[in-house]
Amino acid sequence: MLTNAVIYLCFFPMIFFCAVLCLAIKDFKANYGILACVLGLIALVPIEIIQFTVSSSIKFSTASMQLLLKCLVINGLIEEVAKMLVLFALPSKKLTKAVFFWCSALSGLALGCYELFIYLAMDLHFSNAVLRFLTAVIVHSSCAALCGLFVYSVKTKKITVLPFLCAVLFHGTYDYFAGFPKNTPFFYFSFIIILFSIIECRSIYFDRAEDEVSE
């Protein structure tokens, strides 16, 4: 049963992050934040449907490489494609690159919060939910930001696919290592993947900024 405290846990980060962006990022407006949160919810619907369909129709073995492939396809490719496609709804002509980037990150964080709410509604343990927030929600946010960089490059006709490929790779490998038991060292590789995703997100953002200045 969902208590008020648990519901707050699910949605407070999304609301708080949106408020911080409105205060801290120039030209970031509340309506942009609301749109980003709605896009996160829209992306979640096809993700759940497609993942359920693929998981039901395609049987993966428990071999290590097969599990990695499953994570890359089902968790990495499918989720990031859905998150990337909805970001095309952001009005790039009205948004600066910084605002577009943070809208994308907020969209991913919102999706992670909605997903967390679903997990809690399925009566998963509270401790698992907290760990889920500290890891998967962050991955959703950083990978969505990478997808946003790709979408922005398409909209500005300076296409680079590296951010999207990184998003798929980071998300898939995170889910692979997060699937190991907590008492094994492999599980903690998921935290390393999270760190790499944030670092790469920052690196690609500023690399692209330098390229635009040089042009």
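When every residue of the range 195-208 is checked against the conditions, none turns out to be open to solvent by 10 Å² or more (accessible area, probe 1.4 Å), farther than 23 Å from M14 by Cα and modelled with pLDDT of 95 or more.
Those helices (runs of 4 or more DSSP H) of the range 31-132 in which 1 or more residues are buried (at least 22 other Cβ atoms within 10 Å of the Cβ), in contact with a helix residue (DSSP H, G or I) (Cβ under 6 Å, 6 or more places away or on another chain) and modelled with pLDDT of 95 or more occupy 79-86, 97-121. Taken over the range 150-202, the criterion of being out of contact with any Gly (no Cβ under 9 Å at 6 or more places or on another chain) and among the acidic types (D, E) is satisfied by E200 alone. Close Cβ contacts (under 9 Å, 6 or more residues apart or on different chains) running from residues in the range 98-110 that are closer than 16 Å to S203 by Cα to residues that are among the charged types (D, E, K, R) and surrounded by fewer than 24 Cβ atoms within 10 Å (Cβ to Cβ) comprise A98/K26; A98/D27.
Restricting attention to the range 155-173, and to residues there that are of a type outside the set (S, T, Y) and part of a loop (DSSP other than H, G, I, E, B), which single residue is nearest to the chain's Cα centre (by Cα)?
Out of the qualifying residues, it is V161.
The values are calculated or read from the model by the stated rules, or taken from the named source; none is laboratory data. Predicted model, so just to flag it, every value in this text is computed and none were measured. Heads up, the Cβs are rebuilt from the backbone with ideal geometry, glycines too, and the neighbour counts pull from every protein chain shown. Side chains are part of the model used for accessible areas, which takes the heavy atoms of the whole protein and leaves out ligands, DNA and RNA. Shrake-Rupley method; radii C 1.70, N 1.55, O 1.52, S 1.80 Å.
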